[in-house]
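Engineer: One structure, pasted below without further comment.
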Amino acid sequence: MKEDFLHYIWKFKKFDALNLRTVQNEPLVVFKTGDYLELSGPDFFNAQIKIGEQKWAGNVEIHLKSSDWYLHHHEKDTAYENVILHVVWEHDTEIFREDNSQIPVLVLKNYISKDIVASYSRLISVKTWIYCEKQLKEIDDFVFKNWQERLFFERLERKSQFIYQLLDETGQDWEAVLFCMLAKNFGLNTNGDSFLQMSKSIPFSILRKESFEIENLEALLFGICGLLDTEREDVYFKDLKFRYFFLLHKYNLERIYVQPVQFFKHRPDNFPTIRLSQLASLYHKYQNLFSQIIKLKSVERVYGLLNVAASSYWQNHYQFDKESPMKSKKLSKSFLDLLVINTIIPIQFAYSNRMGGAMAENLIGFMNDVSSEKNSIIEKFSSFGITSNNAFESQTLLELKNEYCNRKACLKCGIGMELLKNN
């Protein structure tokens, strides 16, 4: 038995409300269970009850055992002075307020059905991956789709916090925020943090001024990422290095330490040299990219807008000094899909929220046209009969696994609550 199950039972009145009596054998009527705010202090605020002939308004605290009150040191916390009812699974000691009045106790296990306890036990019994893996396909499709929408926007809300932080750091410059977001996602998981550090260290006004010469952009990006720190015979390398130190002097920029970029375990097309050159090409092509990104409503428009390739030197190189067969290194469809998922949709959502707009349906429609991500979590859900046909569905499954299943938050999850609802 876990305390969150008791919270669920109390919040949704999954008990025999007509025959309640306190441990002190007084009849109890619950008019309002209270607000479950999940803050410090009592579990439920502003409850309304009647004990005997006396009506009470105040807070309700829930524990597995009455003695947990002392285990959690509530007797020393004035926030608990306004508790009007102590709801427990087992009563093992009396609890008193500072004025020596006894806090009424309700033993919840006496008033709930064995069926709901059995359902809860099945839900949280140990499985190979997640608690409800054998019951997932029992969920009504309408309920599941509604929960996916909730998960989708919860995920966007979380991602927005990072965007708002960047907005504060850049002086409310949305163009600069977009550059930081794109840089991070061009770096993928391995080099994302390094690219983000790099993007934060360049005042975006400088990037705008130098965007007319792609060599200057590459010099800044490569130089700050530490890719120009060695000595080489390569002519292009020497040119970028000269430009980099010239730009540092021109703008009085300090060299900063950026976590070294990694080539290891990357396919050549994902080498940091190629991704940085593609990012430079994008900002060489567009001086006001945010104003165009924010208007995008379809993935086809993304493919058209972000149709850029690495600069000419990199058509036959993956690293300095080492020629390779000629290949046009354009942003691939799969990479553009990742940019939609991790950059374009989140920044559109955050911008709309800040501007007071509403674009929920547009974002869902947008993501429905983007290919599903492929990873171990999506594959595992598929093995239990929950397939992902597009990016909207794959994003919601990732949110479900990471924010609910991994945290064992079944009783805050729409699926977990649905499995218990009819008991």
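Engineer: Report the normalised scattering of segment 282-423 as log10 I(q)/I(0) at q = 0.13, 0.16, 0.17, 0.20 Å⁻¹, calculated by the Debye formula with identical scatterers on the alpha carbons.
Structural biologist: Log-scaled intensity ratios, in q order: -0.76, -0.99, -1.05, -1.20.
Engineer: For the chain, which span is the longest to avoid every loop-located (per DSSP) member of GluC sites (Glu not before Pro) having at most 16 other Cβ atoms inside 10 Å? Intermediate values should be presented prior to the final figure.
Structural biologist: Working: sites that count: GLU38, GLU53, GLU81, GLU94, GLU98, GLU213, GLU231, GLU233, GLU254.
Free of exposed loop sites, the longest segment is 255-423.
Engineer: Right, here's the next one. Run through segment 67-145 and list the trypsin sites (Lys or Arg not before Pro) located in a DSSP loop whose Cβ has at most 15 other Cβ atoms within 10 Å. Please report the intermediate quantities before stating the final value.
Structural biologist: Details: sites: LYS76, ARG97, LYS109, LYS114, ARG122, LYS127, LYS134, LYS137, LYS145; in loops: ARG97, LYS127, LYS134.
Loop-located and lightly packed - ARG97, LYS127, LYS134.
Engineer: Using a Gaussian network model on the chain with a 10 Å cutoff between Cα atoms, which of GLN102, GLN161, GLN348 fluctuates the most?
Structural biologist: GLN102
Engineer: Regarding the chain, what's the average projected area of the Cα-atom convex hull, expressed in nm²? Write out the running numbers ahead of the final one.
Structural biologist: Values: hull surface 104.3 nm².
Across all orientations, the chain yields a mean hull projection of 26.1 nm².
Engineer: While we're looking at this one, here's another question. Pull up the cross-link candidates among the aspartates and glutamates for LYS295, meaning alpha carbon to alpha carbon under 16 Å and not fewer than 8 places away within one chain.
Structural biologist: The reachable aspartates and glutamates, counting only those whose Cα sits under 16 Å from LYS295, are GLU175, GLU361.
Engineer: Let me ask something else about it. Can you give me the relative contact order of segment 262-370 as a percent, contacts being Cα pairs under 8 Å and 6 or more apart?
Structural biologist: Working: 90 pairs, mean separation 30.0, N = 109.
Result for segment 262-370 is 28 percent.
Engineer: Counting every Cα pair in segment 44-179, what percent are over 26 Å apart?
Structural biologist: On the way: 5240 of 9180 pairs.
So the pairs more than 26 Å apart make up 57 percent of the total in segment 44-179.
Engineer: Another question, if that's okay. GNM on the chain, C-alpha springs below 10 Å: top fluctuator among ALA183, ALA360, ALA391?
Structural biologist: It is ALA360.
Engineer: I'd like the Karplus ³J(HN,Hα) series for segment 206-211: coefficients 6.51, -1.76, 1.60, θ = phi - 60°, whole numbers in Hz, and an x wherever there's a Gly or Pro.
Structural biologist: Rounded to whole hertz, the list is 5, 4, 4, 5, 9, 5.
Engineer: If one takes the longest principal axis of the Cα atoms in the chain, at what angle in degrees, from 0 to 90 and to the nearest 10, does the Cα axis of helix 391-400 lie?
Structural biologist: Around 50 degrees separate the two axes.
Engineer: Taking springs between alpha-carbon atoms closer than 10 angstrom, which of THR93, THR190, THR396 fluctuates most in the Gaussian network model of the chain?
Structural biologist: Looking only at THR93, THR190, THR396, the largest GNM fluctuation is found for THR93.
Engineer: Separate question: Which peptide among 381-387, 411-417 comes first, and what is the full order, when sorted by highest mean count of other Cβ atoms within 10 Å? Could you put the intermediate results ahead of the total?
Structural biologist: On the way: 381-387: 14.7, 411-417: 20.0.
Output ranking for 381-387, 411-417: 411-417, 381-387.
Engineer: Do any trypsin sites (Lys or Arg not before Pro) in segment 227-269 lie in a loop, going by DSSP, with at most 15 other beta-carbon atoms within 10 Å of their beta carbon, and if so which?
Structural biologist: Taking segment 227-269 and a limit of 15 other Cβ atoms within 10 Å, the loop trypsin sites (Lys or Arg not before Pro) found are ARG232, ARG255, LYS265.
Engineer: How far, in degrees from 0 to 90, does helix 188-201 lean away from the longest principal axis of the Cα atoms of the chain, to the nearest 10?
Structural biologist: The angle comes out near 70 degrees.
Engineer: Taking θ as phi - 60°, what are the ³J(HN,Hα) couplings along segment 270-278 by the Karplus curve (6.51, -1.76, 1.60), each to the nearest whole Hz, with x for Gly and Pro?
Structural biologist: Values per residue, Gly and Pro as x: 9, 4, x, 4, 5, 5, 5, 5, 5 Hz.
Engineer: Please give the Cα centre distance for segment 362-423 versus segment 1-70, rounded to the nearest Å.
Structural biologist: So the two Cα centres are separated by 32 Å.
Engineer: For segment 119-162, which chymotrypsin sites (Phe, Trp or Tyr not before Pro) pass both filters: DSSP loop (anything but H, G, I, E, B) and at most 13 other C-beta atoms within 10 Å? Can you show the working numbers first?
Structural biologist: Working: sites: TYR120, TRP129, TYR131, PHE142, PHE144, TRP147, PHE152, PHE153, PHE162; in loops: TRP129, TYR131.
Sparse-neighbourhood loop chymotrypsin sites (Phe, Trp or Tyr not before Pro): TRP129.
Engineer: Taking N as the number of residues in segment 3-112, what is its Cα Rg relative to 2.2 N^0.38 Å?
Structural biologist: On the way: Rg = 12.5 Å, N = 110, 2.2 N^0.38 = 13.1 Å.
For segment 3-112, the normalised Cα radius of gyration is 0.95.
Engineer: Helix 141-169 versus the longest principal axis of the chain: what angle, 0 to 90°, nearest 10, using Cα atoms?
Structural biologist: For helix 141-169, the angle is close to 60 degrees.
Engineer: Roughly how many whole Å is it from the C-alpha centroid of segment 276-319 to that of segment 111-135?
Structural biologist: 50 Å
Engineer: Can you pull the one-decimal nm distance between simple spin-label points at LEU136 and ASN368, each 7 Å off the Cα toward Cβ?
Structural biologist: Roughly 2.2 nm, to one decimal.
Engineer: Using 22 Å as the Cα-Cα cut-off, could you pick out the over-long pairs in LYS200/LYS329; LYS333/LYS380; LYS200/LYS241; LYS159/LYS330; LYS184/LYS265; LYS250/LYS330?
Structural biologist: Values: LYS200/LYS329 26 Å; LYS333/LYS380 24 Å; LYS200/LYS241 20 Å; LYS159/LYS330 27 Å; LYS184/LYS265 18 Å; LYS250/LYS330 32 Å.
Beyond 22 Å: LYS200/LYS329; LYS333/LYS380; LYS159/LYS330; LYS250/LYS330.
Engineer: Can you tell me the Rg and Dmax of segment 183-243, counting just the alpha carbons, in angstroms?
Structural biologist: 12.1, 32
Engineer: Another question about this same structure. Would you give the gap between the C-alpha center of segment 207-264 and the C-alpha center of segment 154-182, rounded to a whole Å?
Structural biologist: Here the two parts' Cα centres lie 25 Å apart.
Engineer: With charges only on Cβ, +1 for K and R and -1 for D and E, what is the dipole size of the chain about its Cα centre, in debye, rounded to 20? Could the numbers behind the result be given before it?
Structural biologist: Numbers: 52 positive and 54 negative charges, 231 e Å.
So the dipole magnitude of the chain works out to roughly 1100 debye.
Each value in this text was obtained by applying a stated rule to the coordinates, not by laboratory testing. As the structure is a computational prediction, the values presented were derived from the model and not from experiment. Reconstructed Cβ throughout: ideal geometry from the backbone, glycine too, with neighbour counts over all protein chains shown.
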